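A short write-up of the structure that comes next.
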Amino acid sequence: MNFLGSHILSINQFDTQDVEALFSVADQMKPYAHRELKTRVLEGAILGSLFFEPSTRTRISFGCAFNLLGGQVRETTGIKTSALAKGESLYDTARVISGYSDIIAMRHPMDGSVDEFSKASRVPVINAGDGSAEHPSQALLDLYTIKKELNINNDFDGLNIALVGDLKYGRTVHSLCKLLKLYKNISFTLVSPNELKMPKEIVDDLLAAGHRVNETEDMETALHDKHLVYLTRIQEERFSSQEEANIYRGRFRLNQSIYTAHCQPNTVIMHPLPRDSRAEANELDSDLNQHPSLAIFRQTDNGVLIRMALFALTLGVEKDIERTSSKVGWYTDRRF
Ligand code: CP
């Protein structure tokens with residue numbers, strides 16, 4: 001893919017060389033993300049941040065990433081507080097906002113909506129999650145996290161992983177499967193209620209690419225021998241009623257005692273977040289919060305690096321960052 005000026009809508013746009021190029025730029029972003037260095041490479045540029053569905057980390061990390069590159073962010077959140085609530089079309093919204101911005105990150109509850117929006121946009125659009133379809137920047141930060149946690153040098157062949165939870169509506173696992181499909185000989189154990197299985201076309205694509213797929217409702221057996229377990233929340237906002245979602249919430253839970261009994265000592269624990277911490281759901285227990293293999297907050301930190309790299313490559317400034325950088329005057333090592 002030629003990143004420059006491209007919309008980033010789906011993982012289907014990527015090949016392994018694109019991923020490697022992105023990860024290499026992400027690695028260079030560390031001193032900026034840690035606020036040891038600053039760069040003004042995107043000074044004067046504006047990110048249009050349109051989140052028509054709730055978000056904490058994707059919205060804030062896209063904004064932080066753009067600010068850290070020296071750009072500014074203008075945003076709207078929620079459909080009710082935007083002109084979409086007055087019947088404005090995605091076409092008109094795209095024409096307007098792309099006149100105000102140099103690049104747009106957009107989330108919307110409808111599958112395919114970001115793709116539709118991008119067709120009317122005059123600037124690159126990054127899909128920050130469209131319904132239950134895709135969340136490409138999440139998959140990229142997830143794979144980057146896998147690389148760092150397992151100390152892998154861009155060769156993800158032979159991974160043995162479990163994906164657990166709502167695999168029907170969870171867009172993060174859809175995009176992650178499409179990304180892992182690019183590698184070889186991966187063993188996927190897909191743990192979900194029978195009614196919330198991974199869409200058949202994604203499973204068929206994995207099998208056609210030569211990967212192994214085992215679908216099960218038995219989480220404890222599935223945890224054995226895994227390099228990593230990736231948990232997901234029941235996506236209650238996609239169900240027709242809260243009562244229907246409640247049937248599945250809390251069906252699969254990972255906690256310290258289950259981890260100790262069934263996982264390898266170093267099995268990496270991932271979750272795109274938010275996790276549902278309410279007692280009746282609680283798919284990833286806080287009693288694992290201090291576990292060294294719990295990677296969830298390293299995942300969220302990595303999100304800034306990946307989103308900085310996406311902006312740098314899409315706007316064509318990746319080679320100018322170092323030239324425009326300087327030390328942050330007030331920097332002290334605030335990380336604890
Ligand atoms: N992982 C993720 O998309 O989180 P938010 O919904 O908080 O953006």
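The values are calculated or read from the model by the stated rules, or taken from the named source; none is laboratory data. Just so you know, these numbers come straight off a predicted model, no measurement behind them. Heads up, the Cβs are rebuilt from the backbone with ideal geometry, glycines too, and the neighbour counts pull from every protein chain shown.
Here are the numbers for the structure shown:
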item: Test for PRO31: is it part of a helix (DSSP H, G or I), more than 19 Å from LEU182 (Cβ to Cβ) and either within 16 Å of the ligand (Cβ to nearest atom) or not polar (S, T, N, Q) (or both); result: yes
item: Strands (runs of 3 or more DSSP E) fully within the stretch 38-140 counting 2 or more residues that are more than 27 Å from THR16 (Cα to Cα), within 16 Å of the ligand (Cβ to nearest atom) and not assigned by TED's automatic domain parsing to the domain that holds PHE239; result: 46-51, 72-77
item: Residue satisfying condition, being hydrophobic (A, V, I, L, M, F, W, C), under 23 Å from THR172 (Cβ atoms) and in a loop (DSSP other than H, G, I, E, B), within set PHE23, PHE3; result: PHE3
item: Per-region count, the stretch 290-331, residues more than 25 Å from GLN13 (Cβ to Cβ), hydrophobic (A, V, I, L, M, F, W, C) and outside any helix (DSSP H, G or I); result: 4
item: Of all residues in the stretch 141-189 being touching a helix residue (DSSP H, G or I) at 6+ places or on another chain (Cβ under 6 Å), among the hydrophobic types (A, V, I, L, M, F, W, C) and in a loop (DSSP other than H, G, I, E, B), the one that is farthest from ASN282 (Cα to Cα); result: LEU182
item: Residue in the stretch 304-319 that is in contact (Cβ under 8 Å) with a residue 12 or more places away in the chain, within 30 Å of MET1 (Cβ to Cβ), touching an Asp or Glu at 6+ places or on another chain (Cβ under 8 Å) and within 16 Å of the ligand (Cβ to nearest atom) present; result: yes
item: Cross-chain or 6+ apart pairs with Cβ under 6 Å, the stretch 49-63 first and within 14 Å of ASP130 (Cβ to Cβ), then among the charged types (D, E, K, R) and modelled with pLDDT of 95 or more; result: PHE51/ARG59; PHE51/ARG107; GLU53/ARG107; SER55/ARG107
item: Output for the stretch 91-150, where each listed residue is farther than 30 Å from ILE161 by Cα, surrounded by fewer than 19 Cβ atoms within 10 Å (Cβ to Cβ) and in contact with a Phe, Trp or Tyr (Cβ under 7 Å, 6 or more places away or on another chain); result: ALA120
item: Filtered residues of the stretch 216-243 (kept if buried (at least 22 other Cβ atoms within 10 Å of the Cβ), touching a helix residue (DSSP H, G or I) at 6+ places or on another chain (Cβ under 7 Å) and of a type in the set (Val, Ile, Thr)); result: THR232, ILE234
item: Residue in the stretch 237-247 that is aliphatic (A, V, I, L, M), under 24 Å from the mean Cα position of the chain (by Cα) and over 22 Å from LEU141 (Cβ atoms) present; result: yes
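Every residue, every condition in (1) touching a residue at least 12 places away in the same chain (Cβ under 8 Å); (2) of a type outside the set (S, T, N, Q); (3) in the same structural domain as LYS197 (by TED's automatic domain parsing); (4) within 16 Å of the ligand (Cβ to nearest atom), yes or no:
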{"residue": "GLU243", "(1), (2), (3), (4)": "no, yes, yes, no"}
{"residue": "ARG253", "(1), (2), (3), (4)": "yes, yes, yes, no"}
{"residue": "LEU284", "(1), (2), (3), (4)": "yes, yes, yes, yes"}
{"residue": "GLN290", "(1), (2), (3), (4)": "no, no, yes, no"}
